[in-house]
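The values are calculated or read from the model by the stated rules, or taken from the named source; none is laboratory data. This is a predicted model, so every value here is computed, not measured. Don't worry about glycine lacking a Cβ; one is built from the backbone with ideal geometry, like all the others, and counts go over all protein chains shown. Please note that ligands, DNA and RNA were not included when accessible areas were found on the heavy atoms of the full protein model with its side chains. Shrake-Rupley method; radii C 1.70, N 1.55, O 1.52, S 1.80 Å.
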Amino acid sequence: LTEYAKAIRLQGGMEMGFGALRKTTALLSKMGQQSLVDGNFIKSSQYFERGLANFSSLEDLNPAYTNSIEGRALKISILDGFGKSKERQGDIQGALDFYKRLASEGLGIGKYRAGLLLAVMGDIAYSERRPSEAHSRYLEARSFLTKELDLPQGTTSVEITERVAHISRMIEFFSTTRVPPLEETEN
């Protein structure tokens, strides 16, 4: 990383020609992913945070790269990894924010991760006797999980179908028992 930082400083505005910032960002993403595998979630968050800051600079310097296949893959790796590290640290809302950011860009992995996390949040709210919140979480989870998804390796569409069926049963239960979603009770 030190050498990349030096190269970025020395390239004198020639990022498109030398690519040191791009390479540094990719390295930070790989280091973050490895820290996730190693179980060092705080360290992985730090790498992803630096990688995301670098990626923002890349967007300013070279929009063509960040919209390329390689650039989009790097962005997915950073945002998804950052969300996973936040989730494993117990920052559920922080993780959800990263997954929703991925989903808002039309990326199926973000829809998948946001939907699953919202379903878990619904399960927790239901078990803690917060039915209106659970109803809201399940509605939002179903809206994510019924869109076109990019499933991670090892996940099958049958698993998603079963999860959506469970969510739909819970939504039907809340509707039958006249438990309004949280947003309706706040108005």
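Would you please state which residues of region 58-102 a label at I124 would reach in this model, taking the label point 7 Å out along Cα→Cβ and a backbone N cut-off of under 17 Å?
83-100
Multiplying the sequence separation of E59 and T155 by 0.36 nm and subtracting their Cα-Cα distance, what value in nm do you get?
The E59-T155 span can extend by a further 31.4 nm.
Computed from these coordinates, which is Cα Rg over 2.2 N^0.38 Å: (1) 1.29; (2) 1.10; (3) 1.22?
(3)
Using a 1.4 angstrom probe on heavy atoms only, work out the carbon and sulfur share of the accessible area of the chain in %.
Percent of accessible area from carbon and sulfur atoms in the chain: 52.
Could you tell me the accessible area of L139 in Å² (1.4 Å probe, neighbours in place), rounded to the nearest ten?
60
With a cap of 15 neighbouring Cβ atoms within 10 Å, and only residues DSSP puts in a loop, list the trypsin sites (Lys or Arg not before Pro) found in region 117-166. Don't skip to the end; give the middle numbers.
Numbers: sites: R129, R137, R142, K147, R163; in loops: R129, K147.
Counting only loop positions with at most 15 other Cβ atoms within 10 Å, the trypsin sites (Lys or Arg not before Pro) in region 117-166 are R129, K147.
Determine the per residue accessible area of the chain with all protein chains present and a 1.4 angstrom probe, expressed in square angstrom.
56
Can you give the longest stretch of the chain with no exposed loop site, where a site means GluC sites (Glu not before Pro) in a DSSP loop (not H, G, I, E or B) with at most 13 other C-beta atoms within 10 Å?
1-104
What accessible surface, in Å², does a 1.4 Å probe find on L61, ignoring ligands, DNA and RNA and rounding to the nearest 10?
It works out to around 100 Å².
Rounding to the nearest 10 and keeping the result within 0 to 90°, find how far the Cα-based axis of helix 41-61 lies from the longest principal axis of the chain.
60
Gap in Å between the Cα centre of region 20-97 and the Cα centre of region 115-184?
Region 115-184 and region 20-97 have Cα centres spaced 27 Å from each other.
Tell me the angle of helix 20-38 to the major Cα principal axis of the chain, expressed in degrees between 0 and 90 and rounded to the nearest ten.
50
Rank these by accessible area, largest first, 1.4 Å probe: V37, V164.
I get V37, V164, largest accessible area first.
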